[in-house]
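The values are calculated or read from the model by the stated rules, or taken from the named source; none is laboratory data. Predicted model, so just to flag it, every value in this text is computed and none were measured. Don't worry about glycine lacking a Cβ; one is built from the backbone with ideal geometry, like all the others, and counts go over all protein chains shown. The accessibility values were calculated without ligands, DNA or RNA, using every heavy atom of the protein model including side chains. Shrake-Rupley method; radii C 1.70, N 1.55, O 1.52, S 1.80 Å.
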Amino acid sequence: MTPPSSLLTRRHLTARLSAFGFASLTLPGLAEAQALPATPACEAPASGARRQTEGPYFTPSSPLKRDLRGDGPGETLVLSGFVLTRQCQPLPGALVDLWHADTQGQYDNAGYRFRGHQLSDAQGRYQFITRIPGFYPGRTRHFHVKVQAGNRPLLTTQLYFPEERAANQRDRIFHDSLLMQVTAAAGGQIGRFDFVLAD
Ligand SMILES: [Fe+2]
């Protein structure tokens, strides 16, 4: 596996993460980076994240896996955020399942390439390190996710890239409430999305 430090330098990553208000990193690896503050910044109670179709390519029982980069080539993206209640309380131990296409727009429907799940930590934080997915016909660039916490309803939705304005507008499933915050870093991108779960 490629050492993470060769993809995103500590200096650049720290600068970019600081722009999001992230705590200092505990490199040597991106995989060890706890990239979010201990508590989220919230205002009034939020509505739960919009639900979207899981599409035809969901595979259950994905591996517990944070770093999906070894599953194929492509530009690195670190995806982080909180899992929260509508009242902005963090939800520890929430299962966050991520799956997406490879750079060619292909899903692995026989195995678990670019499929993995994480449990949110004690502060409700999750993080994946993966590759930016490619396009496939009829869709803009996107991630698929399922988020489950306790007895709350399962959230199935998708995440989108703000720089894909034209493709997003052509996509019939796209919704702007599901845009990640994405910023460029040396050797990759940093994505941020907080999942607010319904009661
Ligand atoms: Fe998809």
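General remarks:
- Per residue, segment 104-199 exposes 43 Å² of accessible surface when a 1.4 Å probe is rolled over the protein heavy atoms with every protein chain present.
- What the Kirkwood sum gives for segment 45-123 is a hydrodynamic radius of 14.2 Å, with every pair of different alpha carbons counted.
- 10 Å binning of all Cα-Cα separations within segment 110-161, expressed as whole percents from 0 upward: 18, 48, 29, 5
- Ala186 paired with Gln169, simple spin-label distance in nm, labels 7 Å along Cα-to-beta-carbon: 3.6
- Annotation: extensible slack from Tyr57 through Gln123 equals 20.7 nm (criterion: 0.36 nm per residue apart, minus Cα-Cα distance).
- Surface composition of segment 113-166: carbon plus sulfur atoms hold 54% of the accessible area, using a 1.4 angstrom probe and ignoring ligands, DNA and RNA.
- With the convex hull drawn over the C-alpha atoms of segment 45-197, the volume per residue is 111 Å³.
- At R0 = 30 Å, FRET efficiency that the Cβ-Cβ distance of Arg152 and Glu75 yields, to 0.05: 0.35
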